[in-house]
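Quick notes on the structure that follows.
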Amino acid sequence: MLVFLQLPLRLALLVLSMLLLQMVITTVMVVAVMVALVAVAAVVEAMLLLVIMIKINLTTPASQG
């Protein structure tokens, strides 16, 4: 009787572990995409700040020195 029950249990455990693995992989992928978006946003913000600083430096008269 136990031998007959063992195979479906093993199959169910295998399916559950596969689903869990897929969920973990999906979560990791979503987190990686979010981190990449934040990094891109930080780079764009830094470039915009750099452009603004250069424009301010160009428009203001040279400092008296």
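Throughout, read-outs are computed from the coordinates displayed, never taken from laboratory work. Bear in mind that the values here come from a model prediction, so they are computed numbers and not experimental data.
Summarised as an ellipsoid, region 1-57 has semi-axes of 55, 4, 4 Å, derived from the eigenvalues of the Cα gyration tensor scaled by 5 and square-rooted, with the largest first.
3J(HN,Hα) along region 26-35, derived from phi through the Karplus expression 6.51 cos²θ - 1.76 cosθ + 1.60 where θ = phi - 60°, amounts to 4, 4, 4, 5, 4, 5, 5, 5, 5, 4 Hz, with x in place of Gly and Pro. Potential lengthening of the chain between T60 and A46 amounts to 2.9 nm, from the contour at 0.36 nm per residue minus the alpha-carbon distance. Couplings 3J(HN,Hα) of region 7-18, computed from phi: 5, x, 5, 5, 5, 5, 5, 4, 5, 4, 5, 5 Hz, in residue order, whole Hz [Karplus 6.51 cos²θ - 1.76 cosθ + 1.60, θ = phi - 60°; x for Gly and Pro].
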